[in-house]
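See structure below.
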Amino acid sequence: MIKAIYAIASLVVCFAVLPVRAATLPGIPEFIDEMVVRHQFKREELETVFDRAQYLPSVIETISRPSTAKPWLEYRANFVNPERVKYGLRFWKKYRKTLRRAERDFGVPQEIIVALIGVETIYGQDAGTFRILDALTTLAFDFPRREDFFRSELENFLLLARDQQFDMLAIRGSYAGAIGIPQFMPSSYRSYAVDFNGNRKIDLLREPGDAIGSVANYLKEYGWTNTDPVAVRTKIVEKDWIGEISAPRTLGEWSAVGIKADKKLPNDRLARLVDFTVENGKELWLVFNDFDVITRYNNSDFYAMTVFQLAEELKAARKISSTR
């Protein structure tokens, strides 16, 4: 009897870990039809690819509880810490010439580029283990809230694989389908990735030089200006002030309602007021154009502030190390 129970349990475990074929998801045959008509893919090849794609329930679980849902201090601690500063300084030193050229060519500060790559993948150390085909197929056909976005990204992934001659069954990245050292979504890879090391190919999977140039190009294309600070600490002078904190206003308008920046800036500059919960209450910041550009990489004020604060830590640590 005990042996029979063990045998049944073993069968249950085996079936539980067997991969689920994504081809069973509704919508894939129609998607293949679209790709054949719109982009002249061969139907047989796509049918073979999707027959080998796997449905990953873990992707749905992970994307449904994003890290930005954590409290601010817990989220920040994952990225702004001594380890990322240490690795960031090494990365900065190793690729200092490339970073200087990227800053010159695109107008994006070196510390911002380094910080963003540090937040995304710890400078290429953690670029993700999910097979991109599996992740995007799962999200495109079983995540209704954003299915249009992920179907577009799946389409771009197939085009990218064809353009770059990738083995689409081998490329791995994040649970959301982001690829390589800077974690570009396939559409961003196709639109903003650049050959920055001059070897006549674009490789964000293995070439930090291309990752550096591509991050800088992405931010520039989304409107990076480098004319104002990214963010400035602020305080409420009028203690009884109650108002909308997210709508952009000029600094003069903010000042008129009792919001004072800790740094002197022209009154005509537009900024949003954002707050972050800390141990002793709320921490207030006025954030400018370039802060919002960072949110185009990841649509989260937590994310943009983390990139900014890691960049500030890196810049300060590099300054100290250069004086020793």
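Based on Cα contacts under 8 Å between residues 6+ apart, the range 159-244 shows a relative contact order of 19 percent. Surface exposure of the range 25-111, expressed per residue as accessible area with a 1.4 Å probe, stands at 60 Å².
What is the chain's relative contact order, in percent, from Cα pairs under 8 angstrom and six or more apart in sequence?
Details: 469 pairs, mean separation 56.1, N = 324.
Taking the mean separation of contacting Cα pairs over the length of the chain, I get 17 percent.
Here the chain is scanned for GluC sites (Glu not before Pro) in DSSP loops (not H, G, I, E, B) that have at most 12 other Cβ atoms within 10 Å, and the longest stretch holding none of them is 1-237.
Using a Gaussian network model of the chain in which every pair of alpha carbons under 10 angstrom is joined by a spring, one finds that among 252, 177, 209 the greatest mean-square fluctuation is at 252.
Between the helical axis of 96-106 and the longest alpha-carbon principal axis of the chain there is an angle of about 80 degrees. Counting Lys +1, Arg +1, Asp -1, Glu -1, what net charge surrounds residue 297 among other residues with beta carbon under 12 Å of its beta carbon? Summing Lys/Arg as +1 and Asp/Glu as -1 gives -3.
Modelled this way, with points 7 Å down the Cα-to-C-beta line, the labels at residue 267 and residue 201 are 5.8 nm from one another. Computed over the range 62-159, the range of Cα coordinates on each principal axis works out to 43, 35, 23 Å, biggest value leading. Across the accessible surface of the chain, with the other protein chains kept in place and a 1.4 Å probe, carbon and sulfur atoms take up 51 percent. Close amide-amide hydrogen proximity is noted between residue 55 and 20, 21, 22, each under 5 Å apart and 5 or more residues distant or on a separate chain (H modeled in the peptide plane; Pro and chain starts excluded). Annotation for the range 24-64: trypsin sites (Lys or Arg not before Pro) lying in DSSP loop with at most 12 further Cβ atoms inside 10 Å of their Cβ are 42.
Under 8 Å for C-alpha pairs, at least 6 residues apart: give me the relative contact order for the range 103-248, rounded to a whole percent. Each step should come with its number before you reach the end.
Numbers: 191 pairs, mean separation 35.5, N = 146.
Relative contact order here is 24 percent.
The residues neighbouring residue 29, those whose beta-carbon lies less than 12 Å from its own, together hold a net charge of -4 under the Lys/Arg +1, Asp/Glu -1 convention. Which of these, 35, 305, 185, has the largest mean-square fluctuation under a Gaussian network model of the chain (Cα springs below 10 Å)? Between 35, 305, 185, it is 35 that shows the largest mean-square fluctuation. Here is the list for the range 186-289: trypsin sites (Lys or Arg not before Pro) lying in DSSP coil, each with at most 14 other C-beta atoms within 10 angstrom of its C-beta, are 200, 201, 206, 239, 263, 264. For the chain, how big is the tail of P(r) above 38 Å, as a whole percent of Cα pairs? So the portion of pairs separated by more than 38 Å is 26 percent. The residues of the range 127-232 expose, per residue, 39 Å² of accessible area to a 1.4 Å probe.
Looking at this model, which pairs from 264/315; 94/201; 86/220; 70/282 are more than 23 angstrom apart at the alpha-carbon?
Details: 264/315 21 Å; 94/201 21 Å; 86/220 27 Å; 70/282 16 Å.
Long pairs (Cα-Cα over 23 Å): 86/220.
Helix 132-142 and the longest principal axis of the C-alpha atoms of the chain enclose an angle of approximately 90°. The phi-based Karplus calculation (6.51 cos²θ - 1.76 cosθ + 1.60; θ = phi - 60°) puts the 3J(HN,Hα) values of the range 305-315 at 5, 5, 4, 4, 6, 5, 4, 5, 5, 5, 4 Hz, whole numbers, x for Gly and Pro. Taking Cα atoms only, the orientation of helix 82-94 departs from the longest principal axis of the chain by about 90 degrees. Springs join every pair of Cα atoms under 10 Å in this Gaussian network model of the chain, and among 164, 40, 125 the largest mean-square fluctuation is at 40. Each helix, a run of at least 4 DSSP H residues, gives -39500 (n - 2.57); summed and divided by the residues of the chain, these come to -16000 deg cm²/dmol at 222 nm.
The values are calculated or read from the model by the stated rules, or taken from the named source; none is laboratory data. Everything numeric here is computed off the predicted structure, so don't read it as measured data. Glycine also receives a Cβ, built like all others from the backbone with ideal geometry; neighbour counts cover every protein chain displayed. Each accessible area value is taken on the protein alone, full model and side chains, heavy atoms only, with ligands, DNA and RNA left out. Shrake-Rupley method; radii C 1.70, N 1.55, O 1.52, S 1.80 Å.
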